[in-house]
Amino acid sequence: MTTPASGRGLDDATVTTLADELAEATRTRGTVERLSARHPGMTVDDSYAVQRIWRSRREADGHRVVGRKIGLTSKVMQVATGITEPDYGVIFDDQVFESGSVLDFDRYSNVRIEVELAFVLGAPLGAGATEADVLAATEWVVPALEVLDSHIQMEGRTIVDTISDNAALGAMVVGGTRVRPADVDLRWVGAMLSRNGEIEDSGVSGAVLGHPARGVAWLAGKVGAHGDRLEAGEIVLAGSFTKPMWVERGDEIACDYRDLGVITCRFD
């Protein structure tokens, strides 16, 4: 047995075993028992180590990373999960859909939708990036919906489960009108989320850490600490400004961003 690295509670062999369990659950669309219940000493560093190995398994299966997602950006969600900062995951090429798409409901577990903005980078960002750096490096900002998925049992789940499970990312749906950061006040982008013609929730983008670009700056620093960086061409889901909305088979989803257009999708 190897000795856990600093900040880690689990040895490398256990981390690899957990990552392989999640990789298999991803392939089979299944779920596994809570990692936090099986390994009470598991840390956030352990969780990101699991996620990195899971990512390598998906890459070995031929999938390509095209971006990142930021989660748990609201103070309410951070307090609820006992953390003081957001979390993040990666976006693969088979997880990005255009507005109007029909998504396979059976591909996901515990399906929920969140309302976000996505930043498309025109230049790389690394550790030390500021909010101003993010805005300067961003080529476009575009409306996006995040589809939340879970390969770990939901009840009793903690932050270490969520991070290990790629921060619960299932897919993203992009659409509407893309804008340059200088052409819109990114604190005041509003949206109304509807399910089957009924408005279920609404929000404003300033709820994401006061400004969604702050989340991207945090992400650049976090991945930099993990020996990585955000690359030009990547798309970054900057965090939700609505609560997760549960979705059932057959639901038709629409999100109206007013001047930035409407995103739609359906789950069959």
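All of the numbers you see were taken from the coordinates with simple rules; none came from a lab. Not measured: the values here are computed from a predicted model. Please note: Cβ atoms are built from the backbone with ideal geometry, for glycine as well, and neighbour counts cover all protein chains shown.
A cut-off of 5 Å between modelled amide H atoms, ignoring neighbours fewer than 5 places along the same chain, links Gly261 with Thr177. Can you list the residues of region 15-55 with backbone N under 18 Å from a point 7 Å past the Cα of Asp104, pointing along Cα to Cβ? Taking a point 7 Å out along Cα→Cβ of Asp104, the residues of region 15-55 whose backbone N falls under 18 Å are 23-31. A simple spin-label model places pseudo-atoms 7 Å from Cα toward Cβ; at Thr264 and Asp93 they are separated by 2.9 nm.
Across region 240-257, rounded Karplus estimates of 3J(HN,Hα) from the backbone phi angles (6.51 cos²θ - 1.76 cosθ + 1.60, θ = phi - 60°) give 7, 10, 9, 6, x, 10, 5, 10, 10, 4, x, 5, 10, 10, 9, 10, 9, 9 Hz, Gly and Pro being marked x.
Each residue of region 102-109 is assigned a 3J(HN,Hα), and the resulting list reads 9, 9, 6, 4, 6, 6, 10, 10 Hz, derived from the Karplus form 6.51 cos²θ - 1.76 cosθ + 1.60 (θ = phi - 60°), x at Gly and Pro. Other residues whose C-beta falls under 15 angstrom from the C-beta of Gly261 contribute a net charge of -3, scoring Lys and Arg +1 and Asp and Glu -1. By definition, a body whose alpha carbon gyration tensor gives a ≥ b ≥ c is oblate when a/c is 1.5 or more and a/b is not larger than b/c, and region 139-268 fits this oblate description.
Within straight-line reach of Lys222, meaning a Cα separation under 12 Å, sit the following aspartates and glutamates at least 8 residues removed in sequence or on another chain: Asp45, Glu85, Asp87.
Taking other C-beta atoms within 10 angstrom as a stand-in for reagent exposure, Asp61, Asp87 fall in the order Asp61, Asp87, fewest first. Normalised by the number of residues in the chain, the mean separation of alpha-carbon contacts (under 8 Å, six or more apart) gives a relative contact order of 25 percent. Each of Leu230, Leu103 has some number of other Cβ atoms within 10 Å of its Cβ, and from fewest to most they run Leu103, Leu230.
Expressed as an acute angle from 0 to 90° and rounded to the nearest 10, what is the orientation of the C-alpha long axis of helix 44-60 relative to the principal long axis of the chain? The helix 44-60 is inclined about 80 degrees to the chain.
Here Lys222, Lys69, Lys243, Lys75 are placed in order of increasing Cβ neighbour count within 10 Å, fewest first, which gives Lys75, Lys243, Lys222, Lys69.
Relative to the longest principal axis of the C-alpha atoms of the chain, give the angle of the C-alpha long axis of helix 212-225, reported between 0 and 90° and rounded to the nearest 10°. That works out to roughly 20 degrees. Against the main long axis of the alpha-carbon atoms of the chain, helix 12-28 sits at an angle near 50°.
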